[in-house]
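Engineer: Here's a structure for you.
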Amino acid sequence: MQKLKEEVGLLLSTYVSLEPAVIEELLEAPPDPNFGDLAFPCFTLAKSYKKAPTQISEELASALAGKKGLYWNRVTAGGPYLNFFIAPEAYGREVLRQIWEQGNHYGHSDIGKGRNVPIDYSSPNIAKPFGVGHIRSTVIGHALYLIYKALGYNSIGVNHLGDWGTQFGKLIVAFKRWGKEEELLADPVDYLYRLYVKFHQLAEADPTLDDEARAWFKKLEEDDSQAVDYWTRFRRLSLENYALIYDLLGIQFEHFHGESHYNKMLDDVIKLVQEKGIAEESEGALIVDLEPYGLPPVMLRKKDGATLYITRDIAAAIYRKQTFDFALSLYVVGAEQTLHFQQLFKILELLDFEWSKACVHVPFGLIRFKEGKMSTRAGKIILLEEVLERSITMAREIIEEKNPDLADKERAAIAVGLGAVRFGDLSNDRIKNIEFDWEKVLDFSGETAAYIQYAHARICSILRKASPGYGNWSDQASSLLVKEEEVTLVKTLAILPEKIIAAAEGYRPSILARYLVDVAREFNRFYHNCPVLSSAGELQQGRLLLIGATRQVIANGLALLGIETPEEM
Ligand code: ARG
């Protein structure tokens, strides 16, 4: 809590030769709460005082012995640290007051000062199904989008659609040869994908198909109207399909600038690279040698003049800098593209773009579905739509069984179903591969969205039953929370703001997800040990304020992961 830090900063500045603001910066949370709630590390002073940090902390502790502040009531030396313990009455009151006053904004801040952060995420490939690989990018990218926004950055969602490349030549050939209009319209993405697979199977025996496809892609690059018509249609039909998924997930992108958007900028990119002298012609192709940096070479242009994925990414990076003048530019893309991004950022650096340092690849591991109805077997693609629908169906069944009288079962089923998929992903450290297990992600007592949502709904139900007196703030009542479970819950609620910042800084929504599990767990422990509605008078009001604040923290936190919090479930 900021007020405690300010108080300690001011206090210590009268004992040591540091400014209050500097002290505040140095203060940290002790690793173990038994050591205290806020620690001042004495290392910084050792040099100028010519004393061991342990000795400094001991001297400070004895100078402060028996003293008390407003928000702290005890101080001890623990090795090189000076440890402060909070005064639960004032501390609890201030934490709850802050949450009460800031409501939906609690945890938010304006450290971003409106600066732009384009976030490249989801980015599926046109005419291919939105597969599981893109689930993670969509879910993680969207969470980062929301988290950065909450910190006062201007998040800009960019969907870097895979809408260019030789595969479009193949698709045109396949559709011209075997395509049926009715089948295309019935289920465009699925149909186009099947045509694509068929093309590959037949091209193995008949390589002339590939020549034909190359010729069509060339036509497309030369703006041939027939080729462009096909491409435009395939793209539009795919986008209509993705739109259903994005709507269901409540995701909006500021830009759908796919790879094709950068076509007209590629000549300039090639020119720039040549002027800078970082590329060599080799048998008609244009290559950047990255060997001095321990990276494989990069081809920017093939000998037939065609450009590549990375050429378009160079153009896109420059375009984003020019258009958004970003503070940070994120790419939420699977770890299998790590090398691609290393090469991309290195080339930007060699082009003397100072801002290449602000480009960050946010990688993640693979997702696999555990054996059962939806297992990931070789060659079998799992569609995101199917995953989401299945999750909602399972949530509906569980809710039907647990709470048959619930008024708005459908809303709860959607919130729990979508929450399970999102949280099942986000609660894992993103870099790890995850095995998606339906039993686990929908377990109401496990470390799941449903567990947290259920704590939220439970609080809402208690608050509905409470007397209308709950609606009032009370300094008095909020200062009565001194039982261990109450104090621990207050302390947990106090750290939402720093958890949001940590999640943003590490590009790790999992930090926030895991924290919310702690909040729900601490709430349950509190509720098990401290009666709310049956306690009397002011204590009841204090506890109602505490659970009201808990509800707020859960709602704010889950919202940043894109997860809804129904009032009943
Ligand atoms: N469409 C690509 C794929 O599915 C992801 C694009 C990621 N973004 C980027 N700027 N390269 O693999």
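The values are calculated or read from the model by the stated rules, or taken from the named source; none is laboratory data. Since we're looking at a predicted model, the values are computed, not measured. Using ideal geometry, Cβ is built from the backbone for each residue, glycine included, and neighbour counts are taken over all protein chains shown.
Engineer: For the structure I just gave you, tell me whether residue 295 is within 16 Å of the ligand (Cβ to nearest atom) and within 35 Å of the chain's Cα centre (by Cα).
Structural biologist: no
Engineer: If only one of 140, 156 is out of contact with any Cys (no Cβ under 8 Å at 6 or more places or on another chain) and buried (at least 23 other Cβ atoms within 10 Å of the Cβ), which one is it?
Structural biologist: After ruling out the rest, the residue left standing is 140.
Engineer: Out of all the residues in the stretch 114-155, which are in a strand (DSSP E or B) and modelled with pLDDT of 95 or more?
Structural biologist: 116, 117, 118, 119, 120, 154, 155
Engineer: Residue by residue through the stretch 414-435, note down the ones that are over 11 Å from residue 394 (Cα atoms) and outside any loop (DSSP other than H, G, I, E, B).
Structural biologist: 415, 419, 421, 422, 423, 424, 425, 426, 434, 435
Engineer: Exactly one of these conditions fails for residue 172: (1) of a type outside the set (D, E, K, R); (2) surrounded by 23 or more Cβ atoms within 10 Å (Cβ to Cβ); (3) free of Cβ contacts under 8 Å to residues at least 60 places away in the same chain; (4) within 9 Å of the ligand (Cβ to nearest atom). Give me its number.
Structural biologist: Exception for residue 172: condition (4).
Engineer: To continue, here is another question. Inspect the stretch 313-322 for any residue being surrounded by fewer than 16 Cβ atoms within 10 Å (Cβ to Cβ) and outside any helix (DSSP H, G or I) and give the result as yes or no.
Structural biologist: No.
Engineer: Please indicate, with yes or no, whether at least one residue in the stretch 127-138 is away from the ligand (no atom under 16 Å from the Cβ), small (Gly, Ala, Ser) and in contact (Cβ under 8 Å) with a residue 60 or more places away in the chain.
Structural biologist: Scanning the stretch 127-138, I find no residue that is away from the ligand (no atom under 16 Å from the Cβ), small (Gly, Ala, Ser) and in contact (Cβ under 8 Å) with a residue 60 or more places away in the chain, so the answer is no.
Engineer: Could you tell me whether residue 193 is within 16 Å of the ligand (Cβ to nearest atom) and in a helix (DSSP H, G or I)?
Structural biologist: Yes.
Engineer: With surrounded by 13 or more Cβ atoms within 10 Å (Cβ to Cβ), at negative phi, in contact (Cβ under 8 Å) with a residue 24 or more places away in the chain and basic (Lys, Arg) as the only criterion, which of 194, 177, 235 stands out?
Structural biologist: 235
Engineer: Taking the condition crowded, with 21+ Cβ neighbours inside 10 Å, within 16 Å of the ligand (Cβ to nearest atom), over 30 Å from residue 382 (Cβ atoms) and in contact (Cβ under 8 Å) with a residue 12 or more places away in the chain, does residue 117 pass?
Structural biologist: Considered against the rule, which asks whether it is crowded, with 21+ Cβ neighbours inside 10 Å, within 16 Å of the ligand (Cβ to nearest atom), over 30 Å from residue 382 (Cβ atoms) and in contact (Cβ under 8 Å) with a residue 12 or more places away in the chain, residue 117 comes out as yes.
Engineer: What tally of residues in the stretch 500-527 results from selecting those that are part of a helix (DSSP H, G or I) and without any contact (Cβ under 8 Å) to a residue 40 or more places away in the chain?
Structural biologist: Looking only at that region, the number is 6.
Engineer: Pick out the one residue from 349, 371 that is of a type in the set (Asp, Glu) and at pLDDT 95 or above.
Structural biologist: From the options 349, 371, the qualifying one is 349.
Engineer: Within the stretch 436-469, take every residue that is in a loop (DSSP other than H, G, I, E, B) and more than 30 Å from the chain's Cα centre (by Cα) and give me the one that is farthest from residue 370 (Cα to Cα).
Structural biologist: 467
Engineer: Which one of the conditions (1) within 30 Å of residue 84 (Cα to Cα); (2) touching a helix residue (DSSP H, G or I) at 6+ places or on another chain (Cβ under 7 Å) does residue 507 fail to meet, given that it meets all the rest?
Structural biologist: The single condition residue 507 does not satisfy is (1).
Engineer: Does residue 153 fit the bill of being away from the ligand (no atom under 12 Å from the Cβ) and without any contact (Cβ under 8 Å) to a residue 40 or more places away in the chain?
Structural biologist: no
Engineer: Of (1) part of a helix (DSSP H, G or I); (2) buried (at least 18 other Cβ atoms within 10 Å of the Cβ); (3) touching a residue at least 60 places away in the same chain (Cβ under 8 Å), residue 480 satisfies all except one. Which?
Structural biologist: Failing condition for residue 480: (1).
Quick grid of which residues meet (1) surrounded by fewer than 24 Cβ atoms within 10 Å (Cβ to Cβ); (2) modelled with pLDDT of 95 or more; (3) touching a Phe, Trp or Tyr at 6+ places or on another chain (Cβ under 6 Å); (4) under 25 Å from residue 391 (Cβ atoms):
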residue	(1), (2), (3), (4)
518	yes, yes, no, yes
521	yes, yes, no, yes
525	yes, yes, no, no
535	yes, no, no, no
538	yes, no, no, no
551	yes, yes, no, yes
555	yes, yes, no, yes
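Engineer: If you don't mind, another one. Determine whether the stretch 330-344 contains at least one residue that is of a type in the set (S, T, N, Q), within 23 Å of residue 292 (Cα to Cα) and in contact (Cβ under 8 Å) with a residue 40 or more places away in the chain.
Structural biologist: Looking through the stretch 330-344, at least one residue is of a type in the set (S, T, N, Q), within 23 Å of residue 292 (Cα to Cα) and in contact (Cβ under 8 Å) with a residue 40 or more places away in the chain.
Engineer: Name every residue in the stretch 345-359 that is within 21 Å of the chain's Cα centre (by Cα) and within 12 Å of the ligand (Cβ to nearest atom), in order of residue number.
Structural biologist: Answer for the stretch 345-359, where residues must be within 21 Å of the chain's Cα centre (by Cα) and within 12 Å of the ligand (Cβ to nearest atom): just 359.
Engineer: State whether one or more residues within the stretch 284-306 are in contact with a Phe, Trp or Tyr (Cβ under 8 Å, 6 or more places away or on another chain), surrounded by 15 or more Cβ atoms within 10 Å (Cβ to Cβ) and not basic (Lys, Arg).
Structural biologist: So far as the stretch 284-306 goes, yes, one or more of its residues are in contact with a Phe, Trp or Tyr (Cβ under 8 Å, 6 or more places away or on another chain), surrounded by 15 or more Cβ atoms within 10 Å (Cβ to Cβ) and not basic (Lys, Arg).
Engineer: Also, quick follow-up: Can you pull out the residues in the stretch 436-472 that are farther than 16 Å from residue 416 by Cα and surrounded by fewer than 15 Cβ atoms within 10 Å (Cβ to Cβ)?
Structural biologist: 461, 464, 465, 467, 468, 469, 471, 472
Engineer: Report whether or not residue 496 is touching a residue at least 24 places away in the same chain (Cβ under 8 Å) and under 15 Å from the mean Cα position of the chain (by Cα).
Structural biologist: No.
Engineer: For the stretch 329-344, which residues satisfy the criterion of being buried (at least 18 other Cβ atoms within 10 Å of the Cβ) and either away from the ligand (no atom under 15 Å from the Cβ) or within 15 Å of residue 297 (Cα to Cα) (or both)?
Structural biologist: Scanning the stretch 329-344 gives 341, 343, 344.
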